[in-house]
1. Can you give the direction-averaged projected area of the convex hull of the alpha-carbon atoms in region 267-348, in nm²?
2. For region 187-355, which whole percent of the accessible surface, found with a 1.4 angstrom probe, sits on carbon and sulfur atoms?
3. For region 187-355, evaluate the Debye formula with one uniform point scatterer on each Cα (no solvent term) and list log10 I(q)/I(0) at q = 0.14, 0.19 Å⁻¹, rounded to two decimals.
4. What residues have an amide H closer than 5 Å to that of HIS123, excluding those fewer than 5 places away on the same chain, when H is modeled at 1.01 Å from N in the peptide plane?
5. What is the Cα coordinate range of region 102-165 on the first, second and third principal axes, sorted by size from largest, in whole angstrom?
6. Along the charge dipole of region 78-196, which of SER129, CYS152, PRO117 sits closest to the positive end, that is, farthest toward it, with unit charges on the beta carbon of Lys, Arg, Asp and Glu (+1, +1, -1, -1)?
7. Given Cα pairs under 8 Å that are at least 6 residues apart, what percent is the relative contact order of region 187-355?
8. Could you tell me the center-to-center distance, by alpha carbons, between region 247-293 and region 142-199 in angstrom?
Amino acid sequence: MAKPLNIALLCHPSIGGSGILATELGHKLAEWGHQVFVVSERPPFRLKMDRPGIHFCEAAAVEFPLFEGPDHTLPLATRIAEVCNSHQIDVVHAHYAIPHTVAAWIATQLIGEGAPPIITTLHGTDIVSLGAMAEYRPLLRHALAASDLVTCVSQNLKERTLGLFDLERDIAVIPNFYEPRPVTDTRDNIRALLGTGDAPLALHVSNLRSIKRVDLLLDAQRQALETEEIKLLILAGADSTQLTAEINSRDLQDHVVVIDDVSDVENYYAAADFTVYSSEYESFCLGILEGMRHGLPSVSFDVGGISEVVRHEETGYLVPYPDTSALGRAMAHLAGDHSLRRTMGNAARLRAEQSFSADKVVTQYLTAYCEVTTPSP
Ligand code: GMT
């Protein structure tokens, strides 16, 4: 094994792909003997704090009468510097450039000589949304230039980043990975609890942000129902009040089930027949990969880096954005053919195991850590 490292991981605690990825990376690194210091406002929702090698370091936001809202970034920077000084951190790994790399960079200014190197992993909206905003653009560019190494979760995101910023550096592509946790109930029980009957079950897991275009998902479900009886299960990592109104306005109450705040998703993958996504952009789409690892094919728009994960007509269907009729037809096609679902699901599982395993991907991150922590000759 490589020399054990002390790694500071910076990530969002809320439900979302980047937090999940950073957390699972932390778990794996700790399992391999490294010490992982997760610096965040609160424990990320899937973090197992009782695991040996995992240390949670709270960076609480500050509310001050003169500030109109809580300040997250500056207290985070101070906390990162403290953690680096107290635990001889070898490398700081920031997931999301804004605010994490910026906070890490301020921390290096506080520490001065001997500050650890920074690796930035870009996940998508930090570039696609924040990167386009004048309020952040120069700062984001500086954060990328000041990082010792920058990684993106897909080639598509790398190209978007290089297209937006005039960078003199290269960017490494390290894809996401996913290892399923054990399923703790039977498929039949879960389906009985969900009340889905015998209908094929399409699964959508998301934080419902506007980029997910859940309105298009519901339109596609309406379209699919014209040919096949399908239930759509939405696991919502956000308040779903508005979603309920959208479901009712399309008269889909009997065809869509919504569950809020789910952190253990494995049982739902075991109960589902395929995944469905309708985002206008995804740098990668971890939800599709999670489904693939559970043997589920996918249906989605062909946007962003999804085609680097999904093999069209082999592990799932990619249709042009924003054609909801095509999305609905692809859903109905899969729903109506059990043996096709099985064949594509097996191909999806194999691809997830071969190309996006934790062993393969975490080794790539470790190689990156070694690259920035080993002094050049
Ligand atoms: O869009 C989300 O679900 C949240 C967001 C995040 O940062 O938590 O996800 C981004 O990072 C994931 C992990 O790398 C990717 O799988 C998602 O595709 C990406 N989302 C977007 O690019 C919109």
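1. Details: hull surface 18.2 nm².
Value for region 267-348: 4.6 nm².
2. Numbers: 2820 of 6700 Å².
Ligands and nucleic acids excluded, carbon and sulfur give 42 percent.
3. Computed log10 I(q)/I(0) values: -0.63, -1.28.
4. TYR96, ALA97
5. 35, 25, 15
6. Checked the options; the winner is SER129.
7. Working: 317 pairs, mean separation 42.8, N = 169.
Dividing the mean separation by the residue count of region 187-355 yields 25 percent.
8. For region 247-293 versus region 142-199, the Cα centre distance is 15 Å.
The values are calculated or read from the model by the stated rules, or taken from the named source; none is laboratory data. Predicted model only: the values in this text are computed from it and were never measured. Counting neighbours? That spans all protein chains shown, and the Cβs are built from the backbone with ideal geometry, glycine included. Accessible surface areas use protein heavy atoms only, side chains included; no ligands, DNA or RNA. Shrake-Rupley method; radii C 1.70, N 1.55, O 1.52, S 1.80 Å.
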